[in-house]
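Taken together, the values in this text are just the output of simple stated rules run on the coordinates, not laboratory data. Predicted, not measured: the structure shown is a model, and the values here were computed from it. Quick reminder, even Gly has a Cβ in these numbers, built from the backbone with ideal geometry, and neighbours come from all protein chains shown.
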Amino acid sequence: MPSDPMLKMMNGAHRVLLAVSFGKLGWKMGAMPVLELTTTGRKSGQPRTVMLTSPVQQGDDIVIVASKGGEDTHPAWFLNLRDQPDVQVAYGGRAVAPYTARVLDDAERDALWSQVEQTYKGYAGYQKKTDRKIPLVVLSPKA
């Protein structure tokens, strides 16, 4: 798993690709759509933005995985949205819109996990690397 500074650099490069292509490139990574998630920092109160992939979509809902490459700690974006579920999402080249984040309970997560693994096999490896149960989050558009 890349270090946090490397992940930040990769996120920055991804944003540059989106900008220089005027949003035409960068919204897919393999078979998965890419989204830009903005949370509110749980300590700073400042907006924090990260590029993520979504292995599963359910209607207008978007599922994201707090894998952090199988590390033993949750990603900061997950901790932020867990504490403040009102988020902003740019998805598939569409304008930024308000969403609500909901962490799936164990039963919901377990029911969806095999579908997540089918979309990207790496998630199975990430889960094997850690004792923490990798959370799944559903992002739902606000009405």
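Couple of notes before you dig in:
- A full extension of the chain between E108 and A124 corresponds to an added length of 4.1 nm, given 0.36 nm per residue minus the alpha carbon distance.
- Under-5 Å amide H pairs with V56, H placed in peptide plane, nonlocal only: V63
- Pairs over the 18 Å Cα-Cα cut-off, from the set K43/K142; K68/K128; K68/K121; K68/K142: K43/K142; K68/K142.
- Using the Cβ-Cβ distance between L79 and S140 with R0 = 25 Å, the FRET efficiency computed as 1/(1 + (r/R0)^6) comes to roughly 0.80.
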